[in-house]
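Working notes, structure below.
Only the coordinates and a few stated rules stand behind these numbers; no lab work does. Worth saying up front: this structure is predicted, and the values here are computed from it rather than measured. Every residue, glycine as well, gets a Cβ built from its backbone with ideal geometry; the counts of neighbours run over all protein chains shown.
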Amino acid sequence: MIVETIQATVFKGGGRRFFTKKAAYHSAARAKIKTRCTCYAGSSYPDDPGETCDYHEDMNRYMEILNRLAYIYKRVDEDATGEKV
Ligand SMILES: [Zn+2]
């Protein structure tokens with residue numbers, strides 16, 4: 001059999017499934033930031049290029065916020081379960 005069905009543990013975060021907890025925590029953090037995002041793509045008119053929100057304006061700052069929020073989510077789960085995640 002070339003393709004077979006196997007069982008695997010997956011982790012759900014931000015509405016999607018991932019094979020690693022790290023990816024799930026980052027997805028949850030990304031989903032949270034997206035709820036506060038006010039980016040506007042603009043319209044088809046040339047004088048309306050759109051706007052970038054404060055979260056996505058600076059990519060270094062965005063990654064810092066994302067990593068920090070994912071770390072906080074991980075710590076919250078560790079505190080709730082009492083075990084290292
Ligand atoms: Zn944005």
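Between the Cα long axis of helix 59-81 and the first principal axis of the chain there is an angle of about 30°, rounded to the nearest 10. Note on Ile65 and Ser44: their simple-model spin labels are 3.2 nm apart, each label 7 Å out from Cα toward Cβ. Between the helical axis of 21-36 and the longest alpha-carbon principal axis of the chain there is an angle of about 30 degrees. Comparing Ala41, Ala29, Ala70 in a Gaussian network model of the chain where C-alpha atoms under 10 Å apart are linked, the largest mean-square fluctuation is found at Ala41. Within the chain, the proportion of Cα pairs with more than 20 Å between them is 51 percent. For Arg17, no residue has an amide H sitting under 5 Å from its own, ignoring neighbours fewer than 5 places away on the same chain, with H placed 1.01 Å from N.
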